[in-house]
Amino acid sequence: MPLPPPTGPLLWSPRMGVGNARLDDDHKLLIELLNQLSQPIPEAEAPLLVQSILNALVDYASFHFAREEAALAAVDYPYLAAHKAAHRLVAEQAQAHLATFQADPDSLSLDQLAAFVRGWLVEHIQGEDRAFSAYLSGHPEADAAIDAVPLLGGLGPEDDDPLDDPLEKVASG
């Protein structure tokens, strides 16, 4: 018998837009990954599928954070340090959830995992990310900075700490 979905899917809305199509696309993809947790999952496959979804969420969030921070740096966003701190906090929380799940898949329910990701996405996009939308609108240098961030780090084998500052590595690499 499949495990029931924890909640309904989160739907993208234009009011979630942040003034940059590339970052909006990132947010849409993160929502799609979250919604994978909202689908019925066959019980026998649950640990492997949930692990895969969590890995994808953590990896893509790291990539997205690097892109977002690069864009904000390119437009001299005055609250970049605070935004980076918010990213670091959620990355640490996501890593903790992932480690807990890896240690004991039965220790976290799909409801708990989906609620964490959903809460972060909604609060972060509609709160912190919307705050910078005016800074990005009409600034092609933001798009260039976003495009310069390599997919999933791509920074070499020395990049083993997902919480290291990805912009610092891009700038020095």
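Arrange VAL122, VAL75 by Cβ neighbour counts within 10 Å, fewest through most, would you? Can you show the working numbers first?
Values: VAL122 14, VAL75 19.
By the 10 Å Cβ count, ascending: VAL122, VAL75.
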When only DSSP loop residues count, what trypsin sites (Lys or Arg not before Pro) in segment 35-95 have their Cβ near at most 16 other Cβ atoms within 10 Å? none
Whole-Hz Karplus couplings 3J(HN,Hα) for segment 97-109, θ = phi - 60° and coefficients 6.51, -1.76, 1.60, Gly and Pro as x, run 4, 5, 5, 4, 5, 5, 6, 7, x, 7, 7, 10, 7
How much length would be gained if the chain were fully extended between TYR79 and ASP106, taking 0.36 nm per residue of separation minus their Cα-Cα distance, in nm to one decimal? 5.8 nm
From phi via Karplus (6.51, -1.76, 1.60), per-residue ³J(HN,Hα) for segment 145-151 in Hz, x at Gly/Pro: 5, 4, 5, 7, 7, x, 4
Per-residue ³J(HN,Hα) for segment 56-73, Karplus 6.51 cos²θ - 1.76 cosθ + 1.60, θ = phi - 60°, Hz, x for Gly and Pro: 4, 4, 5, 5, 6, 4, 4, 4, 4, 4, 4, 5, 5, 5, 5, 4, 5, 5
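Coordinate-derived values only; no laboratory data. For clarity, every value in this text was computed on a predicted model and none was experimentally measured. Using ideal geometry, Cβ is built from the backbone for each residue, glycine included, and neighbour counts are taken over all protein chains shown.
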